[in-house]
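The values are calculated or read from the model by the stated rules, or taken from the named source; none is laboratory data. Please read all numbers here as calculations on a predicted model, not as lab measurements. Note that each Cβ is placed from the backbone with ideal geometry, even for glycine, and that neighbours are counted across all protein chains shown. Quick note on the areas: whole protein, heavy atoms, side chains included, nothing else; ligands and nucleic acids left out. Shrake-Rupley method; radii C 1.70, N 1.55, O 1.52, S 1.80 Å.
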Amino acid sequence: MPAPSNQPFCASSIIGTGSYMPEKILTNDDLSKIVETNDEWITSRTGIKERRIAADDQATSDLASEAARRAMTAAGVKPEDIQLIIVATVTPDMFFPSTACIVQKKIGAANAVCFDISAACSGFLYALQVARHFINTGNRTTALVIGAEKLSTLINWKDRNTCVLFGDGAGAVVIRRDDAGGMNAPGRVLSTVMGSDGNLTDLLKVPGGGSACPITPENADSRPNTIHMEGRETFKHAVTRMLEAAQQALEMAGLTAADVSLVIPHQANARIISAIADRLDLPIERVFMNLDKYGNTSAATIPVALDEANKAGRLKKGDVILLVAFGGGFTWASSVVRW
Ligand code: UT7
């Protein structure tokens with residue numbers, strides 16, 4: 001499939017990153033006391049060693065607000081400068097109002113328009129592209145794009161196939177209209193591609209709790225409001241789609257994999273990430289991984305990893321950064337950023 005054509009001029013730049021991970025750590029050994037599993041299986045099949053679990057009194061908006069505050073501090077902007085807040089999440093505080101509106105209240109961003117995006121693990125890159133369109137059309141100048149999840153609320157702690165995989169956390173970026181510097185301006189988002197395949201909704205979903213299958217006393221015991229995944233099938237689609245999206249995003253930016261300084265992929269499985277690095281012919285040193293510490297935090301993985309790579313000095317001015325994600329829907333997306 002040919003890559004869709006790029007806009008003639010992109011004028012959105014990431015000017016600050018931030019993240020917040022809850023304090024409580026749940027290790028593989030802790031999980032082996034709850035379900036029939038062990039550290040060896042989880043580490044060798046996924047790369048995950050531990051994950052963070054939010055406190056009972058922490059909602060997704062609390063994680064998101066703290067990540068947002070940190071991103072605003074890094075960007076040097078005040079809450080009143082923010083004109084748009086998009087929260088990507090599959091674990092909103094409630095059905096409505098949106099988590100973005102709740103974040104707006106918590107951080108005091110009175111001038112923002114706020115809404116959520118549901119694209120599962122691809123949500124942050126979907127939100128980044130939506131924010132970029134708002135900015136590139138002149139509608140808004142400064143936006144907060146947040147990926148935040150409290151996935152521990154969607155986990156069936158009796159299902160070893162899924163409970164070992166996920167964790168809680170939040171990451172955020174501030175993006176701003178910046179017409180100076182052309183395509184080499186720092187933090188410039190050079191390209192984004194997105195895709196969806198609704199024929200494969202059944203492979204990864206939380207089937208209950210919505211309008212199709214409300215929770216009732218009769219169905220509550222079968223836990224329909226938890227994550228159900230066909231792991232092996234999802235794995236195959238993840239590799240294919242992430243690779244395709246990454247190649248398209250690079251092509252759209254007029255670059256190749258050889259130009260990439262660092263890949264920041266969705267953190268679902270170290271084997272998926274290695275397969276993509278292999279097929280892009282990139283050494284694993286040029287791929288950022290933190291899933292050993294956090295597991296899969298869905299929409300939060302990429303902004304958290306971006307912030308950690310930034311703080312660790314792994315992003316140098318002028319570097320080409322490739323972001324790529326895949327998730328339920330299925331959905332997938334990739335962005336190229338000039339740091
Ligand atoms: O974020 C959105 C995208 N998500 C993904 O991309 C995730 C994609 N999928 C995966 O990462 C992998 O498929 C999993 C990590 C979920 C599973 O790994 P797998 O190598 O595909 O294992 P499997 O599901 O094929 O299971 C292999 C065996 C099974 O036992 P039998 O039937 O061969 O006897 C499972 O019952 O491993 C067993 N198993 C476990 N054993 C110990 C499954 N989960 C566990 C566990 N501990 N936690």
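Do we have P265 as in contact with a helix residue (DSSP H, G or I) (Cβ under 9 Å, 6 or more places away or on another chain) and within 16 Å of the ligand (Cβ to nearest atom) here? Yes; evaluated as a whole, the condition is true for this residue.
Contact annotation: residue pairs with Cβ atoms under 6 Å, 6 or more positions apart or on different chains, pairing a residue in the range 165-178 that is β-branched (V, I, T) with a partner that is at pLDDT below 95, are I175/S12. May I ask you to verify whether T331 is in contact with a helix residue (DSSP H, G or I) (Cβ under 9 Å, 6 or more places away or on another chain), more than 18 Å from G195 (Cα to Cα), surrounded by 19 or more Cβ atoms within 10 Å (Cβ to Cβ) and at pLDDT 95 or above? Here the answer is no, as T331 does not meet what is asked. Within the range 227-248, residues that are over 19 Å from K205 (Cα atoms) sit with their Cβ atoms under 7 Å from residues that are part of a helix (DSSP H, G or I) and basic (K, R), at 6+ positions apart or across chains, in these pairs: L243/R279. Counting only residues that are among the charged types (D, E, K, R) and not in a strand (DSSP E or B), the range 170-185 holds 2 of them. Scanning the range 146-167 for residues that are closer than 15 Å to V206 by Cα and not in a loop (DSSP other than H, G, I, E, B) yields E149, K150, L151, S152, T153, L154, N161, T162, C163, F166.
Could you grab me the full set of residues in the range 55-73 that are crowded, with 19+ Cβ neighbours inside 10 Å, out of contact with any Asp or Glu (no Cβ under 7 Å at 6 or more places or on another chain) and of a type in the set (A, V, I, L, M, F, W, C)? Of everything in the range 55-73, those that are crowded, with 19+ Cβ neighbours inside 10 Å, out of contact with any Asp or Glu (no Cβ under 7 Å at 6 or more places or on another chain) and of a type in the set (A, V, I, L, M, F, W, C) turn out to be A64, A67, A68, A71, M72. When the range 39-54 is limited to residues that are over 21 Å from the mean Cα position of the chain (by Cα) and open to solvent by less than 70 Å² (accessible area, probe 1.4 Å), the one that is nearest to R160 (Cα to Cα) turns out to be I42. Residues in the range 102-135 that are open to solvent by less than 20 Å² (accessible area, probe 1.4 Å), touching a Pro at 6+ places or on another chain (Cβ under 8 Å) and outside any helix (DSSP H, G or I): A109 alone.
Within the range 20-30, being within 13 Å of the ligand (Cβ to nearest atom), buried (at least 17 other Cβ atoms within 10 Å of the Cβ) and either over 29 Å from S65 (Cα atoms) or of a type in the set (F, W, Y) (or both) holds for no residue.
Within the range 136-171, the residues that satisfy the criterion of being buried (at least 19 other Cβ atoms within 10 Å of the Cβ), over 13 Å from the mean Cα position of the chain (by Cα) and away from the ligand (no atom under 16 Å from the Cβ) are R140, T142, A143, L144.
Of all the numbered requirements in (1) open to solvent by 30 Å² or more (accessible area, probe 1.4 Å); (2) within 29 Å of G76 (Cα to Cα), D221 misses one, and that requirement is (2). When the residues of the range 304-328 are filtered to those that are closer than 15 Å to P265 by Cβ and within 15 Å of the ligand (Cβ to nearest atom), the one that is surrounded by the most Cβ atoms within 10 Å (Cβ to Cβ) is A325.
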